[in-house]
Amino acid sequence: MEIKKQKNLRGELSVPGDKSISHRAVMFGSLADGTTRITNFLEGADCLSTISCFRKMGIHIEKTEKEILVHGNGLHGLSAPRETLDVGNSGTTTRLISGILAGQKFVSEITGDASIQSRPMKRIITPLQAMGADIISIKENGCAPLRISGKPLQAIHYNSPVASAQVKSCVLLAGLYADGVTSVTEPVLSRNHTELMLNCFGAKVESAGTTVSVYPDPVLRAAEINVPGDISSAAYFIAAGLLTPGSEILLKNVGTNPTRDGLLRVCRDMGADITLLNENTNGEPTADLLIRSGRLHGTTVGGEIIPSLIDEIPMIAVMAAFAEGTTIIKDAQELKVKESDRIQVVTDNLKRMGADIEATGDGMIIRGGRPLHGACIDSHLDHRIAMSFAVAGTVCEGPLTIKGGQCVDISYPGFYHDLYKLGN
Ligand code: S3P
């Protein structure tokens, strides 16, 4: 995939639906009684993997141009899959579905691509086993493929060592099948879409600070879910709009849940001009984002803000390389276990473009403001790396090529089309 410099970006864009929310809508709709209608569903490869897994467990899911209809079978209505559940590249599918499968009356196996087979699953195996689940890593390496033999589960209070919404959600979903109230405490609050959406389906979920509790055996009722635009996808256009001189763009209907909006706070710290319009605070909050280009300066990103922008750090690092001064990103060791080792991959690729960047154990130090040039970028088949460097390619001098650039389909089919649509 070859990317060329853009003069300026102008116009309006609606980014695709939120990936985290789309996954959950299919999962919870499958466990509910009745038909759940999902609009603005993200048809990225990851969310299609979730649909495919639930179809294999007997859930009838219809897909039309406008919406997804999930004909749920109730909390105890899944049937044993006849084949292995293939989650493709999706960590969210793997970890959330494991919590559900732990409480079923059947045996199932989960596998995925090479990236999934190297990502850590001990973080869900440990709490699920504490609940009495029978879950093993088949190759005994703490990774997928996983085999889960459903068992009656005991409620626990889990003190999670990581601020991970996937771990939290896995335990809460297993908690639906447990014998009492299950709770999870995280070191820092991670995205709370599971809590918000489970309540909307009729489950009883209570949050207090960084602790969330779920009551077992709820009757889940079908819901209407209108998925907001994904702020993690908007991130690429926020960055492109800020970095390309003479740009002014309006990103419509973007999810601005405070557990996800760290990028906006960091951009403002860097001196960005971002205005929120048409704010809607019912359920999952949304707004239109008006982005105007301007000079950015370095900042420090670390501590409690990290979970709220974890997927945006590759983009922040690229922005920091174009900004004046030094940016320090710390407390972000989780980046090493994403679809790729994002600390290493971002560092290597930015170096190829001429940036002054150093990888640290938990982040990066970027001395910005050097002139950056096109290069051959290796995406490592990580969608967020491909999109972050595509934006870099629209700003730097000379053509930039992305190896494996089509992996953007994981979370943003049509990404390159949208990038060029706004460009001049
Ligand atoms: C997600 C949670 C985050 C995020 C991922 C989606 C979710 O992962 O990086 O892209 O939908 O719950 P962790 O929970 O592992 O931090």
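The values are calculated or read from the model by the stated rules, or taken from the named source; none is laboratory data. These numbers come from a predicted model, not from an experiment. Every residue, glycine among them, receives a Cβ derived from its backbone with ideal geometry; neighbour counts consider all protein chains shown. All accessible areas refer to the heavy atoms of the entire protein, side chains included, with ligands and DNA or RNA removed. Shrake-Rupley method; radii C 1.70, N 1.55, O 1.52, S 1.80 Å.
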Problem - Relative contact order, percent, the chain [alpha-carbon distance under 8 Å, six or more residues apart] - result: 18
Practice task
Using all C-alpha to C-alpha distances in the chain, build P(r) with 10 Å bins and read off the rounded percent in each one.
Solution key: 5, 23, 33, 24, 12, 3, 0
Handout entry: Accessible-area value, Ser247, 1.4 Å probe, nucleic acids and ligands omitted, Å²
Key = 10
Practice task
With everything on Cα atoms, drop me the angle between helix 45-56 and the longest principal axis of the chain, reported from 0 to 90° to the nearest 10.
Solution key: 10
Handout entry: Interatomic Cα distance distribution for region 1-120, bins of 5 angstrom, percent
Key = 2, 11, 20, 21, 17, 11, 7, 5, 4, 2, 1, 0
Exercise for the section: On a 0 to 90° scale, report how tilted helix 91-102 is relative to the longest principal axis of the chain, with both axes built from alpha carbons and the result rounded to the nearest 10. Expected result: 10
Handout entry: C-alpha long axis of helix 231-243 to longest principal axis of the chain, angle in °
Key = 0
Problem - Greater than 29 Å apart at Cα, pairs in Lys151/Lys204; Lys252/Lys330; Lys4/Lys168 - result: Lys252/Lys330; Lys4/Lys168
Practice task
Measure out, as a whole number of angstrom, how far apart the alpha-carbon centroids of region 52-119 and region 1-20 sit.
Solution key: 31
Problem - Reachable aspartates and glutamates from Lys7, criterion Cα separation under 16 angstrom, eight or more residues apart if same chain - result: Glu248, Glu397, Asp418
Fill in the blank from the handout: Taking GluC sites (Glu not before Pro) in a DSSP loop with at most 10 other Cβ atoms within 10 angstrom as exposed, one finds the longest site-free stretch of the chain at 141-424
Problem - Apportionment of accessible area to carbon and sulfur, the chain, percent (1.4 Å) - result: 49
Exercise for the section: Just tell me which lysines come within less than 23 Å, Cα to Cα, of Lys63; anything on the same chain fewer than 8 places away is out. Expected result: Lys19
Handout entry: Accessible area of the chain divided out per residue, in Å², using a probe of 1.4 angstrom
Key = 36
Completion exercise
Taking the chain and counting helices only, DSSP H stretches of n ≥ 4 at -39,500 (n - 2.57) each over all residues, the nearest-500 ellipticity at 222 nm comes to -9000 deg cm²/dmol
